[in-house]
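> Take this structure, written in structure tokens, and hold onto it; I'll ask about it next.
The values are calculated or read from the model by the stated rules, or taken from the named source; none is laboratory data. These numbers were taken from a predicted model, which means no experiment stands behind them. With ideal geometry, Cβ positions are generated from the backbone for all residues, glycine too; neighbour counts draw on all protein chains shown.
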């Protein structure tokens, strides 16, 4: 049996609008020695029908069905069924570059790594627009030495990339040896698994290229369900901290940066005041302590790598939920205003560039038209000259033909002249022979008198 190099595990739940693009990008990977495990998590649309169709057409595909237990459990189900040397966990509404598996597999093999991280791009579904996503690999936090681990890069082990599963490849034997599984939670299902295995790994490598494209779809994203599951996100982070502390693999500063950034992001995307308020209260009463997130000193703006989050942490510590909510709203308002201003400036700059390009294009178009005119004249002259040459060639051919015909006639007439000369010579000889003959001479004597009489009569 051919070695399976990578097992691709894809949990599926009601993503039929995007499923074919996702599956096509997987089955067409340039690395062919793969198995594709599709776990239907109780879909109620026609996703399962599509999965079965692909399964019937590709022997590398296996479809597993389960009741709706969330994608964490679906990933665990796929992991238990996997037989490949490496694992990837991809989402059914994303799509992937053809060389993604090959490049990560080769990098893992080259560096003898247990995890490989790659870059990605974002696709905004409503706008149908794909763009770079630099936060999937933060270039300013890439360790100097690769492969890296918690000992060689303790301050950036969790912040060089974000806590998602789809931009990573894992050595299956390593994952199984850790006993780490995905949590059965509504939101942030990646947190516990990703952060734990990264801290437990001895060797993490990297392919700094955008190999995966993450779809930002309004009806499928985390933000659309965070109001129902902020508590599960907070649970994911606190249970991760407990696990890492128990295994003496807790990178305090890196963990504080990663977890606080994620929690602030989740809170800022809530749409219900009660959800936001309860999240702030939880952090103040026990979350900060469980996560080992300390309040930065008033003059310390370096502990959190994203500068404004130092003040955010102090505000959450010191303020009521209402006060913190107003402060955070103001921050995001100004950030958004700054982003809008930057976008406007970029738009103006782009407009100027476009106008400059249009003028340049107009000049080039004018030059092209001029060249076209000159070229047309040149072509017309060349055509005229070509026609003249062709006419001369025809006349030359006609002259050669006439010359050949005349030469043939001269040869014929020469042959005729030769034949007549030969006839004349023959007649002259016969005449001479006749005159010299005895009979001719006797005849001349006999006819002498009559000829004289004839002459006399004519006179």
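> So which residues in the range 248-276 are closer than 18 Å to residue 155 by Cα, surrounded by fewer than 22 Cβ atoms within 10 Å (Cβ to Cβ) and touching a residue at least 24 places away in the same chain (Cβ under 8 Å), if there are any at all?
Going residue by residue through the range 248-276, those that are closer than 18 Å to residue 155 by Cα are 248-262.
Now drop any that are not surrounded by fewer than 22 Cβ atoms within 10 Å (Cβ to Cβ), which leaves 248-250, 252-253, 261-262.
249, 250, 252, 253, 261, 262 - these are the residues of the range 248-276 that are closer than 18 Å to residue 155 by Cα, surrounded by fewer than 22 Cβ atoms within 10 Å (Cβ to Cβ) and touching a residue at least 24 places away in the same chain (Cβ under 8 Å).
> Next question. Sort out which residues of the range 128-154 are without any contact (Cβ under 8 Å) to a residue 12 or more places away in the chain and over 30 Å from residue 217 (Cα atoms), and write them in order of number.
144, 145, 151, 152, 153
> Look through 187, 167, 163 and report the one residue that is within 26 Å of residue 131 (Cα to Cα), surrounded by 17 or more Cβ atoms within 10 Å (Cβ to Cβ) and in contact with a strand residue (DSSP E or B) (Cβ under 6 Å, 6 or more places away or on another chain). Don't jump to the end; show me each part of the working.
Details: 187 fails: in contact with a strand residue (DSSP E or B) (Cβ under 6 Å, 6 or more places away or on another chain); 163 fails: in contact with a strand residue (DSSP E or B) (Cβ under 6 Å, 6 or more places away or on another chain).
Every option except 167 fails the conditions.
> Which of the residues that make up the range 288-310 are part of a helix (DSSP H, G or I) and under 12 Å from residue 264 (Cβ atoms)? Quick ask: steps written out before the conclusion?
In the first step, residues of the range 288-310 are kept if they are part of a helix (DSSP H, G or I); the result is 288-291, 308-310.
If the condition is that a residue be part of a helix (DSSP H, G or I) and under 12 Å from residue 264 (Cβ atoms), then 308, 309, 310 are the ones that fit.
> Can we say residue 140 is assigned to a loop (DSSP other than H, G, I, E, B), at pLDDT below 95 and either under 19 Å from the mean Cα position of the chain (by Cα) or more than 19 Å from residue 33 (Cα to Cα) (or both)? Steps first, please.
On the way: assigned to a loop (DSSP other than H, G, I, E, B): no; at pLDDT below 95: yes; either under 19 Å from the mean Cα position of the chain (by Cα) or more than 19 Å from residue 33 (Cα to Cα) (or both): yes.
No; evaluated as a whole, the condition is false for this residue.
> Tell me whether the range 221-242 contains one or more residues that are within 21 Å of residue 13 (Cα to Cα), part of a loop (DSSP other than H, G, I, E, B), at pLDDT below 95 and out of contact with any helix residue (DSSP H, G or I) (no Cβ under 8 Å at 6 or more places or on another chain).
Among the residues of the range 221-242, at least one is within 21 Å of residue 13 (Cα to Cα), part of a loop (DSSP other than H, G, I, E, B), at pLDDT below 95 and out of contact with any helix residue (DSSP H, G or I) (no Cβ under 8 Å at 6 or more places or on another chain), which makes the answer yes.
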